[in-house]
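Engineer: Quick one: structure below, then a few questions.
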Amino acid sequence: MRVLIAALGSHGDLLPFIGIAQVLRDRGHAVRIYSNGHYADLVRGAGLTFVQTSEARLLRDAFADPRAVQTRAGMQLIAEGIAGSLLPTYQAMAQDVVAGHTLLVGSTLAFAAQLLAETQGLPFAVVHLSPSVFRSLHDTPRLDAGTTLQHLPHWLKRAAFAAADRWFLDPLLAAPLNAIRVPMGLPPVRRVMHGWIHEADLTVGLFPRWFAALQPDGPPDVLLAGFPLHDGGDEPMPELEPGSALQAFFDEGPAPVVFTAGTANTQSQAFYAVSAAACAQLGLRAVLVAGRRDQLPAQLPPGVIHVQFAPFSWMFSRAALVVHHGGIGTLSQALAAGVPQLIRPMAYDQFDNAQRACRLGVARELLPADYRLPALTHRLSAMLGDAAVRDRCAALAARLAQGDALATVSDALEACFAASAVRHGRVQPASTGQRVEGR
């Protein structure tokens, strides 16, 4: 099987697809990942084949754009990136198709993979990282700080979804997609985020049922595989070796609080300044995780250090509390580590993720408008002393340890490809004992 994976998003959004690709590679399949050039070293460092579909500077510019941490303006920014990379990604993937042996995989907004599946009749799987993309009139996703549709009547929710699609999302997403589809002889699509993104031979949600259950009005036959929990923590890193500065910091005192604003957020100076001040006031040890040093105060308090990167699985298992933005990858790593979470959601799926974690009793929320020194010090003190939250975290961590989402997804992808081969009357690669090698 040749597996072509198109993935868009932040560093944390790429990691699950790298994990899936490594499992498939280890099973003997040829795998390629298509994404922005910013991730070339990350993917190749994992021993995988990488194909650049847009220049690295474009993603770095997007991360530096103030719109990146705003839901509405941020969607406009995302749409610009999709429109610019859609045709190059489609063309690059099309060149690597091997007839009868190819399976396409795409992340939620990697429309090129789905477009290629339609034009060439190839089996296609879409993998959604968070539950907010599954619209429901029953358990309705929370999409911003103040507005919630949860308690509205179904007719009003239905109207709200339709209005959002017609006046906002389709002009951003469907318009550039249709500009490519129609010349290819494909019918135009509408309400892209309502149903089209789930149209695949296999639809996967990378989260467990107890985090977000399937709803009766959701797409049919969705596989909820569990959290992937892949962050490269099983690979050798000098920063984690015995005697390293980071290892020494964790060993030399009480468990610290870990703060992270997310890899896609470079507008986080205020977050880190308030966080450092709160730690100084409470006398807490802390790790501030930020890709760039200029995101942090010039002078850090005693007992507070800066780390550019380290696997969350390693750090969170040694932390007393994690304060983060609500990204699904960060949240799931904290769940797996059994550590309480204080979530400061800013945009996109983060509000819905935060609400679900709070419902589970493992997290508390502090919105950006409230993320100020008095409120933060109060919330940190309360959470660090909350035994009930710690007990709930331990229970869910034990539950997470029972599954293997990467293997589950890989099994499903192999089954999807095999089912397609049967439908089209092809001989399955597994029955011949032959392997398709990557070029």
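The values are calculated or read from the model by the stated rules, or taken from the named source; none is laboratory data. Small disclaimer: the values here were computed from a predicted structure and weren't measured. Positions of Cβ are generated from backbone atoms using ideal geometry, with glycine treated the same way; all protein chains shown enter the neighbour counts. Remember, those area values only see protein heavy atoms, side chains included, never the ligands or the DNA or RNA. Shrake-Rupley method; radii C 1.70, N 1.55, O 1.52, S 1.80 Å.
Engineer: All but one of (1) in contact with a helix residue (DSSP H, G or I) (Cβ under 7 Å, 6 or more places away or on another chain); (2) open to solvent by 40 Å² or more (accessible area, probe 1.4 Å); (3) assigned to a helix (DSSP H, G or I) hold for ARG364, so report the exception by its number.
Structural biologist: (3)
Engineer: Do the conditions hold for ALA375, that is, is it within 30 Å of ALA125 (Cα to Cα) and modelled with pLDDT of 95 or more?
Structural biologist: Numbers: within 30 Å of ALA125 (Cα to Cα): no; modelled with pLDDT of 95 or more: yes.
When the stated conditions are applied, ALA375 does not pass them.
Engineer: Please specify each residue of the range 118-129 satisfying the condition of being closer than 26 Å to SER10 by Cα and open to solvent by 10 Å² or more (accessible area, probe 1.4 Å).
Structural biologist: Selection gives LEU129 alone.
Engineer: Can you give me the number of residues within the range 254-281 that are free of Cβ contacts under 8 Å to residues at least 60 places away in the same chain, open to solvent by 30 Å² or more (accessible area, probe 1.4 Å) and over 25 Å from the mean Cα position of the chain (by Cα)?
Structural biologist: 2
Engineer: Quick one: count up the residues across the range 202-217 that are crowded, with 20+ Cβ neighbours inside 10 Å and of a type in the set (D, E, K, R). Reasoning before the result, please.
Structural biologist: Initial filter on the range 202-217 (crowded, with 20+ Cβ neighbours inside 10 Å): 202-208, 211-212.
Going one step further and asking which of them are of a type in the set (D, E, K, R), we end up with none.
Count: 0.
Engineer: Something else: Does any residue in the range 367-385 that is open to solvent by 40 Å² or more (accessible area, probe 1.4 Å) come within less than 6 Å, Cβ to Cβ, of a residue that is β-branched (Val, Ile, Thr) six or more places away or on a different chain, and which pairs are these?
Structural biologist: Filtered contacts from the range 367-385: LEU373/VAL274.
Engineer: Follow-up question, since we're still on this one. Tally time: how many residues in the range 395-411 are without any contact (Cβ under 8 Å) to a residue 60 or more places away in the chain and assigned to a loop (DSSP other than H, G, I, E, B)?
Structural biologist: 1
Engineer: Identify all residues within the range 348-359 that are part of a helix (DSSP H, G or I), more than 14 Å from THR263 (Cα to Cα) and not acidic (Asp, Glu); write none if there are none.
Structural biologist: Step one: of the range 348-359, the residues part of a helix (DSSP H, G or I) are 350-359.
Restricting the remaining residues to those that are more than 14 Å from THR263 (Cα to Cα) gives 351-359.
PHE351, ASN353, ALA354, GLN355, ARG356, ALA357, CYS358, ARG359 - these are the residues of the range 348-359 that are part of a helix (DSSP H, G or I), more than 14 Å from THR263 (Cα to Cα) and not acidic (Asp, Glu).
Engineer: May I ask you to list the residues in the range 43-75 that are closer than 19 Å to ALA112 by Cβ and among the polar types (S, T, N, Q)? Please lay out each step first, then the result.
Structural biologist: Filtering the range 43-75 down to residues closer than 19 Å to ALA112 by Cβ leaves 43, 48-56, 58-59, 62, 75.
Hits for the range 43-75 are THR49, GLN52, THR53, SER54.
Engineer: Can you pull out the residues in the range 31-50 that are among the aliphatic types (A, V, I, L, M) and touching a Ser or Thr at 6+ places or on another chain (Cβ under 8 Å)? So that I can check it myself, show each step before the final result.
Structural biologist: The first filter runs over the range 31-50 and keeps only residues among the aliphatic types (A, V, I, L, M), leaving 31, 33, 40, 42-43, 46, 48.
VAL31, ILE33, VAL43 - these are the residues of the range 31-50 that are among the aliphatic types (A, V, I, L, M) and touching a Ser or Thr at 6+ places or on another chain (Cβ under 8 Å).
Engineer: Next up: Looking at the range 403-411, can you tell me whether even one residue there is under 13 Å from HIS29 (Cβ atoms), surrounded by fewer than 16 Cβ atoms within 10 Å (Cβ to Cβ), modelled with pLDDT of 70 or more and among the acidic types (Asp, Glu)?
Structural biologist: Scanning the range 403-411 turns up at least one residue that is under 13 Å from HIS29 (Cβ atoms), surrounded by fewer than 16 Cβ atoms within 10 Å (Cβ to Cβ), modelled with pLDDT of 70 or more and among the acidic types (Asp, Glu).
Engineer: Same structure, new question: Just give me the residues in the range 167-185 being outside any helix (DSSP H, G or I) and either modelled with pLDDT of 95 or more or open to solvent by 70 Å² or more (accessible area, probe 1.4 Å) (or both), in sequence order.
Structural biologist: Pass one, the range 167-185, residues outside any helix (DSSP H, G or I): 185.
Within the range 167-185, none qualify.
Engineer: Right, another one. Kindly indicate whether ALA334 is under 19 Å from the mean Cα position of the chain (by Cα), closer than 24 Å to PHE207 by Cβ and aliphatic (A, V, I, L, M). Don't jump to the end; show me each part of the working.
Structural biologist: Working: under 19 Å from the mean Cα position of the chain (by Cα): yes; closer than 24 Å to PHE207 by Cβ: yes; aliphatic (A, V, I, L, M): yes.
Yes.
Conditions (1) out of contact with any helix residue (DSSP H, G or I) (no Cβ under 7 Å at 6 or more places or on another chain); (2) among the acidic types (Asp, Glu); (3) farther than 29 Å from ASP170 by Cβ, marked per residue:
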{"residue": "VAL3", "(1), (2), (3)": "no, no, yes"}
{"residue": "ILE33", "(1), (2), (3)": "no, no, no"}
{"residue": "GLY45", "(1), (2), (3)": "yes, no, yes"}
{"residue": "ALA56", "(1), (2), (3)": "no, no, yes"}
{"residue": "ASP96", "(1), (2), (3)": "yes, yes, yes"}
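Engineer: Another one. So in the range 305-329, with the set limited to residues that are open to solvent by less than 10 Å² (accessible area, probe 1.4 Å) and in contact with a strand residue (DSSP E or B) (Cβ under 8 Å, 6 or more places away or on another chain), which one is nearest to GLN355 (Cα to Cα)?
Structural biologist: Only one residue tops the list, namely GLY326.
Engineer: Going through the range 330-352 one residue at a time, which ones are open to solvent by less than 10 Å² (accessible area, probe 1.4 Å) and among the aliphatic types (A, V, I, L, M)?
Structural biologist: LEU331, ALA334, LEU335, VAL339, LEU342, ILE343, ALA347
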